[in-house]
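Input: a single structure, listed below in structure tokens.
A short reminder: the numbers here are calculations on the coordinates, not readings from a lab. Because the structure is predicted, anything quoted here is derived from the model rather than measured. A quick note on method: Cβ atoms are made from the backbone with ideal geometry, for glycine too, and the neighbour counts reach across all protein chains shown.
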Amino acid sequence: MVGHSGLEPVGRRPESGGWTPAVLPRMSTLTLGPFNRVEGDLEVQLEVADGRVREARVNSPLYRGFEQILQGKDPRDTLVITPRICGICSVSQSMAAAYALADAAGVAMPPNGELATNLVLACENLADHLTHFYLFFMPDFARPVYADRPWYADTEARFRALSGSAAGVVLPARAHFMHIMGLLAGKWPHSLSLQPGGTAKPVQAQERIRLLAILAAFRHFLERETFGDPLESVVAMDSARALDAWSARDPGRGDLRRFLRIADDLGLAELGRATDRFMSYGAYPGGGTRLFRSGLWSDNGPQPLDLATIAEDMSHSWMVGVDALHPADGVTIPDAEKARAYSWCKAPRLAGEVLEVGALARQLIDGHPLIRDLVAESGGNVSNRVIARLLEIARVLMAMEDWVKAIVPGEPFCGQTAIPDEASGVGLVEAARGSLGHWLAIRRGRILNYQIIAPTTWNFSPRDTAGVPGALEQALVGAEVRPGETTPIAVQHIVRSFDPCMVCTVH
């Protein structure tokens, strides 16, 4: 297990790759769940010793079965069915399905199609990031448990759930920003405009002007409320030292600075460290490249991504079988009575390794200097995940402005697509929460097999055959459990730092 700053390591990984927990006295067990402000159902069982989490097991307790629902359907039905996996990240599911069909059909999007679909996906991802920060994550610091902290009064007035001042400005700004969905996708969630060849909704010249106005308004909100500075200044920060200097220059200006003050006081950079191995499929394609690069990150730095080494271990999942299978050959057959199992979530691994996905992984692998310096200093943790998410908002919004300007009204937005009767395809997307993949097999014009690995499947997986815990299970080890706590506040910070979407996990 990764040792945390200020905490004793609580386990070790033998050379065999197995997991041997340390022996600690005064053991107790806590079962947490359901969690509030988390999308879907989540249960966490904690073994606690000496006021610290010694071991964790993460359970996704609701099975939904979309992979089974899709079997035997017309391949084009995926564009209708998979968005229903989740109402929060439905565009991500739509895009992954569209990319899988495009891969199977061998079709490429025209430039306008790439621009428009990127805009739709980016709109959903940024709305997710914004909602997570203001409505899911920050309200935890307005709880009475922190009433003795010097920043509490300001934080409670700003972020108190439902009634804090932030909600009054964030919700209208988010609603106005989401008008992009109406212009480009018709509706949200569950749009039908996203297709393998692009988008069925072309953009007229006057709509480009309206899109730019919406983006300008959202930029104004971010620069006034979230950052207290131009986006360019935020994106330009290139080190932890630069971030500290920026925060100290005007500590009361902008909600990112408010968070940094809290993070420094509570030591959030020492909380929730997991594998320090990260993955990104790469995000927002255009012109043969991507806004954010694909790849892996580990102790050896950046490495290329080999999709052939992905496998889903089912040894501790309520699924038939124990072998680790590549998703192209995956099987989803429920077995609710399976011995040793404790979750409906499978355990995806890449070359046998546990990985973390999300905004931190994307920005690290893409090479943003601030994130690389933060990770070099303290690894993946609660603070760095939040900083990366907010940095990504700034970077993507600036890219969205360029994408709108690059649209050429009158040029094609969607290529014609004929789905073959015999084919296979893969659709890879970076959703707000991380790497999302759809694997499709078509036989005799019908879906033979459909397998999905969602971001939270990577982050919230159970143990594998070797007994190695998933990313969240590792991140929870060492978290403080205060006397009398039944739902430890430190555990809640760690869980929410991943921004889980459990309904996608149990698709």
Problem set entry | For peptides 312-318, 239-245, sequence by mean Cβ density within 10 Å, most packed first | 312-318, 239-245
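Assuming a viscosity of 1.002 mPa s and a temperature of 20 °C, what translational diffusion coefficient in µm² per second does Stokes-Einstein assign to segment 11-505, Rh being the Kirkwood radius over Cα pairs? Numbers along the way, then the final one.
Numbers: Rh = 23.1 Å.
The estimated diffusion coefficient comes to 93 µm²/s.
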Problem set entry | Sequence ranges 57-69, 169-181, ranked by mean other-Cβ count within 10 angstrom, highest first | 57-69, 169-181
Exercise. What relative contact order, as a whole-number percentage, does segment 322-434 give when Cα pairs under 8 Å and 6 or more residues apart are counted?
Worked result: 33 percent
Exercise. For the chain, how many pairs of lysine residues have a Cα-Cα distance under 27 Å, where the two are 8 or more positions apart or belong to different chains?
Worked result: 7
Exercise. What is the antiparallel percent of DSSP beta bridges lying wholly in the chain, to the nearest 5?
Worked result: 95 percent
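Assigning unit charges at the beta carbon (Lys, Arg +1; Asp, Glu -1) and nothing else, what dipole magnitude in debye, to the nearest 20, does segment 11-505 show about its Cα centre?
On the way: 49 positive and 56 negative charges, 151 e Å.
Charge dipole of segment 11-505: 720 debye, to the nearest 20.
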Seminar exercise, completed: Burial-style ranking of 102-112, 379-389, 411-421, 362-372, average other-beta-carbon count within 10 Å with highest first, yields 379-389, 362-372, 102-112, 411-421
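Over the chain, what is the relative contact order in whole percent, taking alpha-carbon pairs under 8 Å and six or more residues apart?
On the way: 1088 pairs, mean separation 127.2, N = 507.
Here the relative contact order equals 25 percent.
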For this session: Compute the projected area of the convex hull of the Cα atoms of segment 432-479, averaged over all viewing directions, and report it in nm² to one decimal place.
Result: 4.9 nm²
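Over segment 235-353, what portion of Cα pair distances is larger than 24 Å, expressed as a whole percent? Don't skip to the end; give the middle numbers.
Details: 3904 of 7021 pairs.
Looking at segment 235-353, the distances longer than 24 Å represent 56 percent of pairs.
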